[in-house]
Amino acid sequence: GLWFLNVNQSYFMAAFFFISAYFCPKSMDRKGFRRFVEDKLVRLGGGFLLYSLLLGPIMILFCRAYGGYPVSYEFYVGPPWFILWLLNFTLIYAVIAQFAAPVKMNMPHPVILLLFGAFLSAAFYGVAVGVPQEWQFLGNVIGWAYVIGLYIPFFTAGIIAGRNDWMKSVEEMETWCVWMLRTITVGFWVLIFCTVGGLLPLIPNFNVFFTANNLIPPGYAVPMTLVLIQFFHQYFNG
């Protein structure tokens, strides 16, 4: 239902950007600028165009024909907007990496990362409130609040993490940190349940649902992403 949708939609795209970015620095080191860019243009750009020019329009044509609506071809971006923006972020990284020194930085303590998530929540809310609705979906994104408050920070963190091998720090997290993050994550699940279920207290002249929905994603995405990476390393790393 709506709870399951929100629990996943509030973090998983950010986690995808983080994981995708994690492998970029070493890939760039191995291939060099030209081969790296060419590879991304073929793999990401090719996949995006295949869907948007062929597979997506075919699906739309079929649905319209099946529903008895007029049939016409149209360019359709659909879910691969993620691929397009991953390509954009990756190419920007490739250019910046040619003149900017790599950032040397150990993984911050999980508590510091949680505080960073709270800061991102404020940025997310600010963009959601401050950017006009007609501009929120510019560039085929699902909302610029997500781009500013989640996707760019998580992609950037993935680049720094990949350069400095943060996964090792996640693997070696102390037990109390692991359980703290798991507890916070479950707490967010409960909060999201209360939000979508209308269980939060009503405040006159204040949209509780809108406020909660635009403060939760970054603060939740940080512990949820760490919990998933650590959990899969501990139990499914064969």
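The values are calculated or read from the model by the stated rules, or taken from the named source; none is laboratory data. Computed from a prediction, not measured in an experiment: that's the story for all the values here. No Cβ is skipped: glycine too gets one built from the backbone with ideal geometry, and neighbour counts run over all protein chains shown. With ligands, DNA and RNA removed, areas are computed over all heavy atoms of the protein, side chains included. Shrake-Rupley method; radii C 1.70, N 1.55, O 1.52, S 1.80 Å.
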Open item on the list: Looking only at region 132-179, filter to residues that are open to solvent by 20 Å² or more (accessible area, probe 1.4 Å) and polar (S, T, N, Q); which one of those is farthest from the chain's Cα centre (by Cα)?
Closed with: T175
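Based on this model, can you work out whether F124 counts as open to solvent by less than 60 Å² (accessible area, probe 1.4 Å), in contact (Cβ under 8 Å) with a residue 40 or more places away in the chain and of a type in the set (F, W, Y)?
Details: open to solvent by less than 60 Å² (accessible area, probe 1.4 Å): yes; in contact (Cβ under 8 Å) with a residue 40 or more places away in the chain: yes; of a type in the set (F, W, Y): yes.
Taking the combined requirement at face value, the residue satisfies it.
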Task: Residues of region 196-223 satisfying the condition of being open to solvent by 20 Å² or more (accessible area, probe 1.4 Å), modelled with pLDDT of 80 or more, in a helix (DSSP H, G or I) and among the hydrophobic types (A, V, I, L, M, F, W, C) - done: V196
Task: Looking only at region 10-28, and only at residues there that are in contact with a helix residue (DSSP H, G or I) (Cβ under 8 Å, 6 or more places away or on another chain) and exposed (fewer than 15 other Cβ atoms within 10 Å of the Cβ), the one that is farthest from I83 (Cα to Cα) - done: K26
Task: Count of region 64-95 residues which are modelled with pLDDT of 90 or more and among the β-branched types (V, I, T) - done: 4
Open item on the list: Take I148 and tell me if it is without any contact (Cβ under 8 Å) to a residue 40 or more places away in the chain, within 26 Å of M105 (Cα to Cα) and assigned to a helix (DSSP H, G or I).
Closed with: yes
Task: Where F99 falls short, out of the listed (1) in contact with a helix residue (DSSP H, G or I) (Cβ under 7 Å, 6 or more places away or on another chain); (2) farther than 24 Å from M180 by Cα; (3) assigned to a loop (DSSP other than H, G, I, E, B) - done: (1)
Task: Filter result for the condition that a residue is buried (at least 18 other Cβ atoms within 10 Å of the Cβ), free of Cβ contacts under 8 Å to residues at least 60 places away in the same chain and in a helix (DSSP H, G or I), over I83, I92, I112 - done: I83
Open item on the list: Looking at (1) at pLDDT 90 or above; (2) under 25 Å from V147 (Cβ atoms); (3) among the polar types (S, T, N, Q), which one does T175 not meet, given that it meets all the others?
Closed with: (2)
TODO: Please indicate, with yes or no, whether at least one residue in region 186-194 is open to solvent by 70 Å² or more (accessible area, probe 1.4 Å), in contact with a His (Cβ under 7 Å, 6 or more places away or on another chain), in contact (Cβ under 8 Å) with a residue 40 or more places away in the chain and assigned to a helix (DSSP H, G or I).
DONE: no
Task: Checking A101 against (1) within 21 Å of Q9 (Cα to Cα); (2) open to solvent by 80 Å² or more (accessible area, probe 1.4 Å); (3) small (G, A, S), the condition it does not meet - done: (1)
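Residue by residue, here is whether (1) crowded, with 18+ Cβ neighbours inside 10 Å; (2) part of a helix (DSSP H, G or I); (3) in contact (Cβ under 8 Å) with a residue 24 or more places away in the chain holds:
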site: L41; (1), (2), (3): no, yes, yes
site: L49; (1), (2), (3): no, yes, no
site: L55; (1), (2), (3): no, yes, no
site: A65; (1), (2), (3): no, yes, no
site: V71; (1), (2), (3): no, no, no
